Amino acid sequence: MRIGKERLKQVLALIGEMFPDAHGELEWDKDKPFQLLVAVILSAQTTDKAVNKITPELWAHYPEIEDLANANLVDVENCLRTIGLYKNKAKNIIKTARAILRNFDGQVPKTHKELESLPGVGRKTANVVLGEVYGIPSVAVDTHVSRIAKRLNISAPDADVTEIEKDLMRKVPKKDWIITHHRLIFFGRYHCTAKNPKCDSCPVQSYCKYYKDVVKANR
Ligand code: SF4
């Protein structure tokens, strides 16, 4: 049996005490939503830290969406070359800038459908943008959220990201989706890490299926 709503509420309250101020760690100018969209595209299979290292140079070269839409591909690749998949990402962010100018009057769109029509933008990226930029309740499932959902038995061990998103949306009140997403990411990034999770000092250890079935069982 998966964890129910009431127990999950207790778990999330404990995680909330650990990370009351959890927030998105990608850096962007709050007056320029396009910067967040690009940063999230760049963060695929790369850490936020690595993205934050390169975006200041990118924005210095291409301060406005029009600048990126008209950019030379090789120049953009040079700005991105320290992160994984940079060639593809360079192509995608230029194409995305063009599509936003062409189809959305230069504004980052506000719906899943429109966001996911942009090159390099999938469900997770759309969810991050909707939550961060527009405050629209959404649950973005990244590698941390996925791992935590499975360890805490919120989702089945073989659940894919779509199923995990649905499980969280069903079990967590809508008003808490955005902050829960941030807190689970902080919990996964700084405490329940993929390797060597800090189980011995974990306040949710007694709720944790992974601890019971894997960590404790192997001691
Ligand atoms: S007990 Fe360990 S595996 Fe379980 S949530 Fe805590 S840190 Fe993660």
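The numbers here are math on the coordinates, done by the rules we state, and not lab data. As the structure is a computational prediction, the values presented were derived from the model and not from experiment. Ideal geometry is used to build each Cβ from the backbone, glycine not excepted, and the neighbour counts take in all protein chains shown.
Taking each full run of DSSP H in the chain as one helix, which ones are at least 18 Å long along their axis (Cα atoms) and have mean Kyte-Doolittle hydropathy of at least -1.0?
Counting only whole DSSP H runs, the qualifying helices are 5-18, 48-61, 86-103, 177-190.
Given labels modelled 7 Å from the Cα in the Cβ direction, how far is it in nm from GLU66 to SER201?
It is 5.2 nm.
Reachable lysines from LYS175, Cα under 27 Å, same-chain residues fewer than 8 places away excluded?
LYS5, LYS9, LYS30, LYS32, LYS110, LYS113, LYS124, LYS150, LYS166, LYS209
Within the set of other residues whose C-beta is less than 13 Å from the C-beta of TRP28, count the net charge using Lys and Arg as +1 and Asp and Glu as -1.
-4
Say each of VAL215 and ARG81 gets a label point 7 Å from the Cα, pointing the same way as Cα to Cβ; how far apart are those two points in nm?
4.3
Using a Förster distance of 25 Å, how high is the FRET efficiency between THR162 and LYS5, based on the Cβ-Cβ distance and rounded to 0.05?
0.80
Relative contact order (percent) for the chain, with alpha-carbon contacts under 8 angstrom and 6 or more residues of separation?
Computed over the chain, the figure is 23 percent.
If one computes the Cα centroid of the stretch 64-86 and of the stretch 109-164, what distance in Å separates the two points?
25
Under the 0.36 nm per residue contour assumption, what length would be gained going from the current alpha-carbon distance of GLN45 and LEU73 to full extension?
Residue separation times 0.36 nm, minus the Cα-Cα distance, leaves 8.0 nm.
Multiply the residue gap between GLU17 and THR193 by 0.36 nm, knock off their C-alpha separation, and tell me the result in nm, one decimal place.
Result: 61.6 nm gained on full extension.
Rounded to whole Hz and in sequence order, give me ³J(HN,Hα) for the stretch 22-29 from the Karplus expression 6.51 cos²θ - 1.76 cosθ + 1.60, θ = phi - 60°, writing x for Gly and Pro.
3J(HN,Hα) across the stretch 22-29, in whole Hz: 4, 7, x, 9, 6, 8, 7, 7.
Given the -39500 (n - 2.57) contribution per DSSP H run of 4+ residues, what per-residue ellipticity at 222 nm results for the chain, rounded to the nearest 500 deg cm²/dmol?
-16500 deg cm²/dmol
For TYR134 and PHE104 in one chain, what is 0.36 nm times their gap in residues minus the Cα-Cα distance, to one decimal in nm?
Stretched fully, the TYR134-PHE104 segment lengthens by 9.2 nm.
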